[in-house]
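Accompanying notes for the structure given below.
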Amino acid sequence: MEWFVRRFIRASLVWLALGITLGLCMAAHPQWIIYRPAHVHMNLIGFVTMMIFGVAYHVVPRFTGNPLSSRTLPGYHWWISNLGLAAMVTGFALQPHAGTHAAGFLVGGGLLETIGAYLFVYNIWRTTAVRPAVAASAAHRPLPAHP
């Protein structure tokens, strides 16, 4: 397993633990419902999306038979996405108390999250592109017989 796959999976587990803990706190202290956006982003972006990134980086090259287009981009993607999410969660946590002063965290974090997602899309798009050598070898393979 590639180092960046392991990092995305582990980060997703950390975000899940944080999101579930905040959810428990919200259940125990109903006035903490003001932190719902932070809770949702921890679980949805932190757990679900980071897990998807990690699993996709692992399986897409195997499914396509193509090597990952770039093995450098996932490292940048990991840092950018996790820092962006941390900034967004901070912004959501500060927003009920600081109002518009939290906007910098939200906008900055959202921008980093977007850049990270674009890096992922670019890398996976290029990985799934049909390479000329792959297309040529596929053209010379016989089709499987159907019963």
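Values in this text are rule-based calculations from the coordinates and carry no lab data. Owing to the predicted nature of the structure, the values given are computational and were not obtained by experimental measurement. No Cβ is skipped: glycine too gets one built from the backbone with ideal geometry, and neighbour counts run over all protein chains shown.
One table, with the values for the structure above:
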item	result
Rounded, prolate or oblate (a/c below 1.5 giving rounded, otherwise prolate when a/b exceeds b/c) for the chain by Cα gyration tensor	prolate
Extension reserve of the ILE52-LEU111 stretch, reckoned as 0.36 nm per residue once the Cα distance is removed	19.3 nm
Pair HIS101, ILE33: separation of 7 Å Cα→Cβ label points (nm)	2.6
Residues TYR118, TYR35 arranged by fewest to most Cβ contacts within 10 Å	TYR118, TYR35
Shape category assigned to the range 62-111 from the gyration tensor of Cα positions, a/c cut at 1.5	prolate
Residue order, fewest to most beta carbons within 10 Å, for VAL5, VAL55	VAL55, VAL5
Fewest-first ranking of THR64, THR128, using other Cβ atoms within 10 Å as the exposure measure	THR128, THR64
Size of electric dipole in the chain: Cβ of Lys, Arg +1 and of Asp, Glu -1, about Cα centre, debye, nearest 20	440
